[in-house]
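Colleague: Next up is a structure, given as structure tokens.
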Amino acid sequence: MSEIAVETRAPALRVSGVTHAFGAKKALDDVSLTAPSGAFTALLGLNGAGKTTLFSLITRLYENRSGAISVLGHDVRQQPTRALSRLGVVFQSRTLDLELSVLQNLLYHAALHGIGRSEARRRSLAVLERVGLAARAKEKVRALSGGQMRRVEIARALLHGPGLLLLDEPTVGLDIGSRRAILDEVRRLIDDDGIGVLWATHLVDEIEAADRVVVVHKGRVLLEGRVDDLRARGGSEDVGTAFMAAVAETDRRDKAAEHKTDTAA
Amino acid sequence: MTTDAPPRRPSRTARLLSASAAAAALLAFAGPASAEKIFVSNERDHTMSVVDGATLKVVETIKTGRRPRGITASPDGKLIYVCTSDDNRVEVYDSATHKLVKTLPSGPDPELFVLHPSGNPLYIANEDDNMVTIVDVNTGQKLAEVPVGVEPEGMGISPDGKTLVNTSETTSMAHFIDTATNQIVENVVVDSRPRVAEFRSDNKQVWVSAEVGGTVSVIDPATHQIVKKLTFEIPGVTAEAIQPVGVKITKDGKTAFVALGPANRVAVVDTETFAIKKYLLVGQRVWQLAFSPDESRLYTTNGNSNDISIVDVASDKVTKSVTVGRSPWGAVAVP
Amino acid sequence: MSLVDRAPAPLSEPLPARDVTFGGYLVCMGGIVWRESLRFVHQRGRFLSALVRPLVWLFIFAAGFRATLGVSIIPPYETYVLYEVYIAPGLIAMIQLFNGLQSSLSMVYDREVGAMRILLVSPYPRWFLLVSKLVAGVAVSLLQAYAFLAVAYFWEVQPDSLWGYLTVLPALILSGLMLGAMGLAMSSIFKQLENFASVMNFVIFPMFFASSALYPLWRIQQANVLLWHICSYNPFTHAVELIRFALYGQVEWTSLAVVSGFGAACLLAAIYAYDPSAGLTGRRGGPDAAK
């Protein structure tokens, strides 16, 4: 019971003070952010900003050596089993087994979460229904379009009933129609099930006015807030222009700082 | 003739034999009474190894005369006959006590012999003087000598005992001898160095192996015609290494086993179709063959690897090889 | 979407954060083995090449050399055996060596993409996922080994008794675990081995040739004492001998100890290397480097 209490109070995802380096290069520098339940949080950043590294740490591919990451109040380092069991992920790269059928892919994933066969079947069909692909359960994944594969991956991420859904640039390589459909699908999940979503992207047009935005650049969080906050920061009504302005300003400041240290030396 | 000459070291032999007999008596108590025994003549050791059929271990090594080669047993299995070639005689042993019972004259350099199906007489090939010597095993009397080709060796007798076939290595002939008259009735030319002659139980075929020729001639004893000349091909083995010697045919007449000498293989042959069913890998330079009394096993003597291999006849598989004395030449199994 | 109403379980609620149960462990391992077998069955090419490789050795190499192997009876054989019979255990071990390295090295390729990530976000402990993956690899290698034995049977390469096919099973499981664990450990430790061709050159060939797979140790000893020492210490030799004796219903205790010990050591190394906190995965150059 107390577990449930912890979960209802805690945000879907909380990252605080996480720094991660590969050798000398800092991929993440003191990153803190929150993705509340029942909300769409966009993680906005250019390629190489550190989004994927952050996802790797949240999914515990690597362990964070500093700071803390918790999923619905469960620290991924202290309680990895609980944290991971509350987490659904759609990776940027395709992670479906092309040789297997849609259903087989889902059943495998269910097994990885310890869900027994009959329950796994029931859930698989339910989530496929939900993303409108129940009719293709027996088909090989290879036969699906890119957009359909993404929807299967979303269905798979939902299979074990996560409280947090992570999506790493899920629309890359998809046409406009598929992009739209997937966004709508995810937003509907938030409304229906109240789960928290962290959506990493570099495409500003995927963000809606009501969304929360976290802007990352060169491993640092530039801004965390509403879309309006980004507009104000970038000094433009257009989100894209505002984003680029914020990024450019940071680069400028970095260069100046570098210059200063150089001259000081 | 030296056939009746007593050996020069009787006392020593006797001592050894009595010691062996005592050991054998002890062993007879230890082991199952009905277990079969395999007697193997070791050409270079001047001994005979006795292998227990149940444990497949050498239970005794009997000192024999010099250069024991051909070996056979009386029909009841109680006596073992051994050609001791360099002592120019045949030694007779008790298969239970392993004791030398008596010696028989053989003519010079006896190599191979065959017993009449009734158990008497014994037909002996004398390698050195081109004769077949016929000896009464009860009286020890030489009954007759039949002149044959050069270097007589292989001896086969028909199941009814009426026809004897001797092969002469240098003449490359199979001599068909009428045992009633002791006269050669026909000579059949076969391939080079014929070694062994073996009748099929229905008297319709006699198989003659030719060591150098690399073939086995199957002869119809009624017409004296070669009905089939078998050749052998083994992948990975050169043709020169294929030297057929020992031949044994099952009592049902269906299957023949042919030892192929340095090819280290025994060929399994269907006697009706003459198809070679299988080549069994045994020890080196496989020479002679012997069936167990119930024909469930075939024993092969492997002259260069100093062991015998045991073939399971039902499955055509070699199950084991057992080290015996040096240069095992022939073998016989008795109940 | 009206479908939501029909969905029997609201998807966020029924599986709250939980501690995994023993049954869950079994389900998880079962799922990993099931998927691996399914993939194997689907990949006919892989199955065929896994089968053809040892059969080529058996039919062509062994046939060519059948007469040249020194004739001597060595345990567990009780009589002279054809060269095919002699090298069969070595070829089975070779199947497992290839399979172990292949399935483990696929983890290297998959680390940043595909199956590996899905596997590693499972809530089960990392060590357990690795062991499951290993078990799955062994299951597949057993399929291959028995397929090979079945073909070999018709080539008259058979153990003394049909029981041999049963008694060899524990040996195959052990050797499969050892070779799979070795592959796992290597996949985590050696970055350079990400290329399968170099794995062939630097691991599979030396291990295979410097072992008792192709020649009995006494033969190697006659030829070269140093090589003989290398072969005697090569864990692959012991995998081969374990299988060889087990096919004849016997246990080669030294090999059993070496295979178990070396396998356990490799597995521990792999678990350490893949552990997200202690391990090497995080220090390996970031996800961008891997792309």
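The values are calculated or read from the model by the stated rules, or taken from the named source; none is laboratory data. It should be emphasised that the depicted structure is a prediction, and the values quoted were computed from it without experimental measurement. Heads up, the Cβs are rebuilt from the backbone with ideal geometry, glycines too, and the neighbour counts pull from every protein chain shown. Ligands, DNA and RNA are excluded from the accessible area calculation, which covers all protein heavy atoms including side chains. Shrake-Rupley method; radii C 1.70, N 1.55, O 1.52, S 1.80 Å.
Colleague: What distance in nm separates the two pseudo spin-label positions at A:R65 and B:A144, each 7 Å out from Cα along the beta-carbon direction?
Modeller: Result: 10.6 nm between the two label points.
Colleague: Can you tell me how segment B:198-335 classifies by the Cα gyration tensor, rounded, prolate or oblate, using a/c under 1.5 as the rounded cut?
Modeller: Judged from the Cα gyration tensor, segment B:198-335 comes out oblate (a/c at least 1.5, b/c at or above a/b).
Colleague: Can you give the Rg/Rh ratio of segment B:41-160, where Rg is from the C-alpha atoms and Rh is the Kirkwood radius?
Modeller: That ratio is 0.97, to two decimals.
Colleague: While we're looking at this one, here's another question. Which of the aspartates and glutamates could a cross-linker span from B:K162 if the Cα-Cα distance has to be under 12 Å and same-chain partners fewer than 8 positions apart are dropped?
Modeller: Correct list for B:K162: B:D178.
Colleague: For segment A:97-151 and segment A:168-189, what is the separation of their C-alpha centers, rounded to whole Å?
Modeller: 18
Colleague: Can I ask one more? In what sequence, largest accessible area first, do A:K138, B:K142 appear using a 1.4 Å probe?
Modeller: Result, largest first: A:K138, B:K142.
Colleague: So, one more: With a 1.4 Å probe on protein heavy atoms only, work out how much accessible surface A and C bury together, total over both chains, in Å² to the nearest 100.
Modeller: For chain A against chain C, roughly 5000 Å² becomes buried.
Colleague: Would you compute, for the Cα atoms of chain A, the largest minus smallest coordinate along each principal axis and list the three values in descending order, in whole Å?
Modeller: Result for chain A: principal-axis Cα extents of 68, 41, 34 Å.
Colleague: How far apart, in nm, are the 7 Å Cα→Cβ label points at B:A35 and A:K138?
Modeller: Placing both labels 7 Å beyond Cα along the Cβ direction yields 6.6 nm.
Colleague: List the aspartates and glutamates whose Cα sits under 15 Å from the Cα of B:K320, skipping any in the same chain fewer than 8 residues away.
Modeller: B:D52, B:D307, B:D312, C:E78, C:D160
Colleague: What average number of partner chain Cβ atoms lie no more than 10 Å from the Cβ of the residues making up C:27-35?
Modeller: 6
Colleague: On to the next question. My understanding is that a pair violates if its Cα-Cα distance is over 18 Å; which of B:K277/B:K317; B:K204/B:K317; A:K218/A:K255 do that in this structure?
Modeller: In this structure, B:K204/B:K317 exceed 18 Å between Cα atoms.
Colleague: Still on this structure, I have one more. Can you give the mean number of other chain Cβ atoms that lie within 10 Å of the Cβ atoms in peptide A:83-89?
Modeller: Per residue, the number of nearby Cβ atoms from other chains is 5 on average.
Colleague: Using the per-residue mean of other Cβ atoms lying within 10 Å as a proxy for protection, in what order, highest first, do the peptides A:218-227, A:185-194 fall?
Modeller: Going by the mean number of other Cβ atoms within 10 Å, highest first, we get A:218-227, A:185-194.
Colleague: Let me ask something else. On average, how many beta carbons from a partner chain sit within 10 Å of the beta carbon of a residue in C:123-132?
Modeller: 3
Colleague: Counting only protein heavy atoms and using a 1.4 Å probe, what share of the accessible area of segment C:44-283 belongs to carbon plus sulfur, as a whole percent?
Modeller: 71
Colleague: Further, regarding this structure: What FRET efficiency comes out for the pair C:S198/C:W253, r = Cβ-Cβ distance, R0 = 35 Å, nearest 0.05?
Modeller: 0.50
Colleague: Rounded, prolate or oblate for segment C:44-283? Axes are the square roots of the Cα gyration tensor eigenvalues, ordered a ≥ b ≥ c, and the cut-off for rounded is a/c under 1.5.
Modeller: Here segment C:44-283 falls in the prolate category.
Colleague: With both partners inside chain A, how many of the DSSP beta bridges are antiparallel, as a percent to the nearest 5?
Modeller: Here the share of antiparallel DSSP bridges comes out near 55 percent.
Colleague: Now a separate question. Rounded, prolate or oblate for chain B? Axes are the square roots of the Cα gyration tensor eigenvalues, ordered a ≥ b ≥ c, and the cut-off for rounded is a/c under 1.5.
Modeller: Here chain B falls in the oblate category.
Colleague: Working from the pairwise distances between different alpha carbons, so that the mean of 1/r is found and then inverted, what is the protein assembly as shown's Kirkwood radius in Å?
Modeller: With all distinct Cα pairs of the protein assembly as shown included, I get 33.4 Å.
Colleague: Further question on the same structure: Give me the lysines in straight-line cross-link reach of B:K102: C-alpha distance below 16 Å, same-chain residues under 8 apart excluded.
Modeller: B:K63, B:K78, B:K142
Colleague: At 7 Å along Cα-to-Cβ for each site, give me the label-to-label distance between C:Q43 and A:R117 in nm.
Modeller: 2.4
Colleague: Across 5 Å bins from the origin, how do the percents of Cα pairs in segment A:26-117 run, short distances first?
Modeller: Result returned by the calculation: 2, 10, 19, 21, 19, 15, 9, 4, 1.
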